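Chemist: Structure provided below as C-alpha cells; questions to follow.
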Amino acid sequence: MKILIDDADLKKIEEFFDMYPYDGVTTNPTILSKTGNPDPMDQLKKIAALMPEGTDLHAQVLSTSAEDMVKEAKYMTDVLGGGKINMFVKIPATPEGLKAMAMAAKEGVNVTATAIYGVMPAFMAAKAGAKYLAPYVNRLDVLGYDGVKIAIDIHNCVKAAGYEAEVLGASFKNSQQILEMAKAGCGAVTVGSEPLAKLAFNQVAEEAVNVFINDFENCCGKGKTMLDF
Ligand code: G3P
C-alpha cells in the first residue's frame with residue numbers, strides 16, 4: 001500500500017522524505033491555502049522539485065463546469081507532469097466532475113476522484129477512468145458513517161468489477177483507520193502530518209531503546225557504540 005504525505009508545507013515534505021521513502025504528496029485547495037503562497041502553481045512546482053523520482057503528486061482543479069475542469073486538468077498535467085514525478089489531477093466525484101473525469105481520462109490525464117462520501121460515486125469514477133478514488137474516511141466517521149467500511153466497500157466493488165482504479169484513502173485521524181485499509185488490500189492512503197508522524201511512534205518502544213543504551217553504557221562507557229570496539 002502506498003503511503004503519501006497530505007501536506008503542502010515544503011519544510012515538512014522535505015523532512016518526511018528525508019525520514020522515509022514515502023510514495024508521494026497529495027494536496028487540496030485548503031491544504032495549499034495554508035501555505036500562504038498566493039500562487040498555488042508555484043507552490044506545486046516547488047513541491048514537485050522536492051519529491052523523489054517516480055513518486056506521485058496529486059493536486060485538485062477548482063473549476064465547476066466539466067469543460068473547464070478538463071482544461072484545468074490538462075494545464076496542470078502539462079505544467080507539473082512530464083518530469084521526474086507522476087502527476088495526478090484530483091477531480092471531485094460530483095455529477096459534473098464525473099463527466100469531466102471521463103473526458104480528461106480520454107485525453108491522457110491521470111485522474112484521482114476526490115471528495116468521495118459514498119460507494120456509488122466512487123464506483124462511477126472508476127468506470128469513468130479514474131486511477132485513484134479518494135474516500136474521506138474520518139470526515140465520513142464525523143458524519144456518523146463508517147468511513148473505513150465505505151473505503152473497503154469501494155475497494156471490493158472496484159476490484160470485483162475489474163477496474164484499474166485503486167482506493168487512495170484520505171482524511172485520517174489515527175493509525176487504526178490506516179491499518180484497516182492495509183488489511184483490506186487498499187492501494188494507497190494519504191495521511192496528514194500529525195497522524196503521519198505517529199504511524200511508527202510508540203512511547204514504550206522509545207523507552208525500551210533508552211534502557212538498552214543505558215545498560216550498554218553502564219558496561220562499556222558513556223556515548224559508546226559498536227563502532228568503538
Ligand atoms: O484531500 C482530502 C483530505 O486531505 C481531507 O483530510 O483531514 O481535511 O479531513 P481532512
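Chemist: How large is the translational diffusion coefficient of the stretch 157-229 in µm² per second when you combine the Kirkwood radius over alpha carbon pairs with Stokes-Einstein at 10 °C and 1.306 mPa s?
Modeler: 100
Chemist: Amide H of Val191: which non-local residues (sequence gap of 5 or more, or other chain) have their own amide H closer than 5 Å, using H built in the peptide plane?
Modeler: Leu4, Ile5, Asp6
Chemist: To continue, here is another question. Over 5 Å intervals from 0, what percent of Cα-Cα pairs in the stretch 88-142 sits in each interval?
Modeler: 5, 26, 35, 19, 9, 4, 1, 0
Chemist: Continuing with the same structure: Normalised by the residues of the chain, what does the relative contact order come to in percent, with Cα pairs under 8 Å and at least six apart?
Modeler: 16
Chemist: Under a 5 Å amide H to amide H cut-off, with H placed in plane at 1.01 Å, what residues pair with Cys186 once short-range neighbours are removed?
Modeler: Distant-sequence amide H within range of Cys186: zero hits.
Chemist: P(r) for the stretch 77-229, please, calculated from all Cα pair distances in 5 Å bins and given in %.
Modeler: Computed distribution, short to long bins: 2, 9, 16, 15, 14, 10, 8, 5, 5, 5, 5, 4, 2, 0.
Chemist: Still on this model: Do any of Lys99/Lys149; Lys198/Lys222; Lys90/Lys149 go past 28 Å between their Cα atoms, and which?
Modeler: Over 28 Å apart, Cα to Cα: Lys198/Lys222.
Chemist: Beyond 25 Å, what percent of the Cα pairs of the stretch 1-122 remain?
Modeler: Of all Cα-Cα distances in the stretch 1-122, 21 percent exceed 25 Å.
Chemist: How much FRET efficiency would the formula 1/(1 + (r/R0)^6) give for Glu15 and Asp42, where r is the Cβ-Cβ distance and R0 is 22 Å, rounded to 0.05?
Modeler: It comes to 0.60.
Chemist: Using Cα-only point scatterers and the Debye equation, what is log10 of I(q)/I(0) for the stretch 1-73 at each q in 0.12, 0.23 Å⁻¹, rounded to two decimals?
Modeler: Debye curve over Cα of the stretch 1-73, log10 I(q)/I(0) at q = 0.12, 0.23 Å⁻¹: -0.33, -1.03.
Chemist: Could I ask something else about it? Filter the chain for me: DSSP H helices, axial length by Cα at least 20 angstrom, mean Kyte-Doolittle hydropathy not below -0.5. List them by residue number.
Modeler: Flagged H segments are 66-80, 147-161, 203-220.
Chemist: Still on this structure, please answer the following. Subtracting the Cα-Cα distance from 0.36 nm times the residue separation, let me have the gained length for Asn214 to Met120 in nm, one decimal.
Modeler: Working it through step by step, the gained length comes to 28.3 nm.
Chemist: Just to confirm, what accessible area per residue do you get for the stretch 119-192 at 1.4 Å probe, in whole Å²?
Modeler: Accessible area per residue: 43 Å².
Chemist: State the percentage of accessible surface on the stretch 183-229 attributable to carbon and sulfur atoms; use a 1.4 Å probe and exclude ligands, DNA and RNA.
Modeler: Carbon plus sulfur share of accessible area: 60 percent.
The values are calculated or read from the model by the stated rules, or taken from the named source; none is laboratory data. Note that the structure is a prediction, hence the values are computed from the model and not measured. All Cβ positions, even for glycine, are placed from backbone atoms using ideal geometry, and neighbour counts span all protein chains on display. Only protein heavy atoms, including side chains, enter the accessible area calculation; ligands, DNA and RNA are left aside. Shrake-Rupley method; radii C 1.70, N 1.55, O 1.52, S 1.80 Å.
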